[in-house]
1. In this structure, does Y559 turn out to be of a type in the set (S, T, Y), buried (at least 16 other Cβ atoms within 10 Å of the Cβ) and farther than 28 Å from D416 by Cβ?
2. In segment 68-99, how many are under 29 Å from Y243 (Cβ atoms) and either within 33 Å of the chain's Cα centre (by Cα) or not in a helix (DSSP H, G or I) (or both)?
3. Could you grab me the full set of residues in segment 328-353 that are part of a helix (DSSP H, G or I) and more than 22 Å from L256 (Cβ to Cβ)?
4. When segment 59-80 is examined, which residues are found to be free of Cβ contacts under 8 Å to residues at least 24 places away in the same chain and surrounded by fewer than 23 Cβ atoms within 10 Å (Cβ to Cβ)?
5. Does D274 satisfy the condition of being of a type in the set (D, E) and closer than 21 Å to I309 by Cα?
6. Scan segment 412-440 for residues that are out of contact with any Pro (no Cβ under 8 Å at 6 or more places or on another chain), part of a loop (DSSP other than H, G, I, E, B) and more than 22 Å from E523 (Cβ to Cβ) and jot them down.
7. Mind listing whichever residues of segment 134-168 are of a type outside the set (S, T, Y), surrounded by fewer than 17 Cβ atoms within 10 Å (Cβ to Cβ) and without any contact (Cβ under 8 Å) to a residue 60 or more places away in the chain?
8. Within segment 635-747, considering only strands (runs of 3 or more DSSP E) that don't extend past its boundaries, which have at least 3 residues that are of a type outside the set (D, E) and either surrounded by 20 or more Cβ atoms within 10 Å (Cβ to Cβ) or in contact with a His (Cβ under 9 Å, 6 or more places away or on another chain) (or both)?
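The values are calculated or read from the model by the stated rules, or taken from the named source; none is laboratory data. Because the structure is a prediction, the values reported are computed rather than measured. In this analysis, Cβ positions are derived from the backbone assuming ideal geometry, glycine residues included, and neighbour counts consider all displayed protein chains.
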Amino acid sequence: MIRKTVLILLAAIAGIISSEAKIKHPSLLFTPERVESARKAAKSDSVIAHGWESIVAEADRQLGKNDVRMLEYPALAFIMTGDKKYAAKVREVLLGLSKSKGYGDREMLARKPAWRSELQMAHKAFQVAMGYDAIYDYLTPAERKEIADASYRLMVEPLLGDWLNEPTRIHSLNSMGHNWWTACVSMGAILGLSLSNELPGMEAQVEKAVESIPEWFDFAGDVIQHKPKTFDRDGGMYESINYASFGVSEAMFLRLAWLNTHPGAKLEEIPEMDRLASFFCHVSYPRTGMLYSINFGDSHKNVTGERAIYPAYAMGANNPETLWYGSQIDQQQFREGLPYRFPMGLLYTPDLRNAPSTPPLPTSRLWKDFGWATMRDSWDKDATMLAVKSGMTWNHSHADANSLILFHKGVDIIKDAGNCSYGKPEYRKYFFQSEAHNVVRFNGQGQPTYQQYHGSMLPGSMSNLLDGGNIKYVLADGTGPMSHLLDRNFRHFLWIDNVIYVIDDLHSHQPGKFEWLWHPGGEAVKRGYDLEITNGNSSALIRPLYPRPLAYSNFVHDYPEDLYWETHEGPTEDLKGTETYWSFHLPATTDQVKGVTAIILKDSVNQKELPVMERREGKDWIGLRIRNNGKVTDLYINQLADGRLMHMNSWIEADGWTTDAYMFAVSYAEGGDPFNPDEIFIGHGSSLRKGSDVYFASLSKLNLTARPKDRKLDLQVCGQPRVNFAFRAAPTELNVNGVKRPFSSEGRLIRVKYRDNK
């Protein structure tokens, strides 16, 4: 009798514990606190009020439909208003689930082994979770159980069974560890979480999914299958802005739903979560009108990333970058975003009234792990931004090693061709391939087409970013992806004043013909030596300088050594027409080329005063003398420093300078002294001298920008982790890469030593 009493007591205690562990609905994402905050905001803010009106209008439209894909609208309308007509519609749709035979996709089911789940199922799972959570108390216990059983059979088990749980799992992070994994696992888990009161053991499966999210963020890649790591050490995801936003947001919403339903719970920290906002800021282009983003890979200019960073903000990653980013977004753009007219946007957009006017970020950023870089002249709207990519080719990452996109005065004046639906032949044959990007081809060939599926065994890379304000520099190495044709495929980007110099260092296995591709983002007209591109108030000139200029006129037979040009037609992104892109051909057959192309950024469409560029050459060097607004810049490119010498350093003499640098530039006033320059750039050099006068000295070759006349001297230096150099200057204060550094004086030189631990 005593034993029976004890057992009854233990059972009662277990029942109490079990009851206390049950989820109190609604609490996943439509939490009472968020709903009440949205109610108040809609009364005082006209923009938010308009968003709420749009949600109600969509909820009303859904009353005449049975669309499981839009359940969050009537679900939120019910919670916000209490009007039971919305709950009745959600109930009707959810009860209809039990009559469905399955949500599997025919194409996916035909695979071996069959994929029982995919992205559309994941989306439906999220919608069912939101609807079920919202009307939980409106349903009878029998209805809850009926819906829970049907939802588990149709969505939860296939999603978690294919992507997470043994013994049915068929996917790994190595095979599909990008946006599909997080979407399928996270949305299946959110639905499972909503049903956990009715499904014993479900919460344990959800917890397993939540605990697996950091593993996805930390995935380091796969050497055997040529898969890159998912996230860069400085934040950001290689898959493109589109899929970074989508994939991350699914993980964030699961994590947020778990924390909302488990108050006080502690989850493993994800460092990448705190870096999301800065990534999306750096890849954005603020402009008058809709915010743009760089569209490398399978993305679009109007894609935004707040879908990922708003839930992160709600979980504590509440940095000012998020507020600035949100304040730049036009409410009419919604590709992967969260405008107020979306339920999640209404509930999770932070208060943007205190957004800073500019983000607390530098104007340049390098993502070394996946090979992207951005540089801009300011964070102002309609400023100039250069984006460069030379990383992995695979899946959503196109065959665009060493390509660039240039935004200027509100538009992408030199653009990426974009992408289209993956099922269209234009995607495989054009948009993904090299001809759709601003790259160099050899003998009419770019990257191999097989890289789309198998990946580039040798990825490209970006390195050596410098941002010295008026002088910016970054190096792209696209040799790996083009290694079937080239053993050197370097592209240097040197931005001085209002000119970006694109310097190509190319060497092929066999002699052949080189070709430069350019995709104008506006009307393009050849005018003499230039290709002029104009779009609204934006205008830029593309001016080839080396190995030869463009043939001056259409009588190309009178200019047999100069570049000739062709125009080609490619499909527009909407596939409704075609657009023109240009190719510049070198007539000569050769196996080695130094290409120098100046991109001149015009202040206005009608600007007449342009930089004057003089081609100059000497023994073992080529260069330019640029005169611009009373300023002279001498640029030198060392012909010996391109790897042709083994065990021999690449010393040249040029206009009285002695150096082993790959290239260097000095700027001074018109009529001034070149040996007392106002600005200096050194690219990959260990020494710069005039006779016995040393201007720069380092045992290792470094990259450097400087303004030697400043008493408060700011240097930008990169190239080696251990830095030890001498520089000709007499400052009272020294900053290197934004950090105040100690220095010692050695006559007219200062000595700087430190170790860069990045």
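1. Details: of a type in the set (S, T, Y): yes; buried (at least 16 other Cβ atoms within 10 Å of the Cβ): yes; farther than 28 Å from D416 by Cβ: yes.
Yes; evaluated as a whole, the condition is true for this residue.
2. So the count comes out to 7.
3. Going residue by residue through segment 328-353, those that are part of a helix (DSSP H, G or I) are 328, 343-348, 352-353.
Q328, R353, listed by residue number.
4. D60, R61, G64, K65
5. Details: of a type in the set (D, E): yes; closer than 21 Å to I309 by Cα: yes.
In short, yes.
6. N419, S421, Y422, G423, K424, F432, Q433, V439, listed by residue number.
7. Our first condition is that a residue be of a type outside the set (S, T, Y); within segment 134-168, this holds for 134-135, 137, 139, 141-150, 153-167.
Those still in the list that are surrounded by fewer than 17 Cβ atoms within 10 Å (Cβ to Cβ) too: 137, 141-143, 145, 149, 153, 165-167.
Residues satisfying the conditions are P141, A142, E143, K145, D149, R153, N165, E166, P167.
8. On the way: elements: 652-654, 657-659, 663-669, 679-690, 693-706, 712-718, 722-728, 733-736, 744-746.
Answer list for segment 635-747: 663-669, 679-690, 693-706, 712-718, 722-728.
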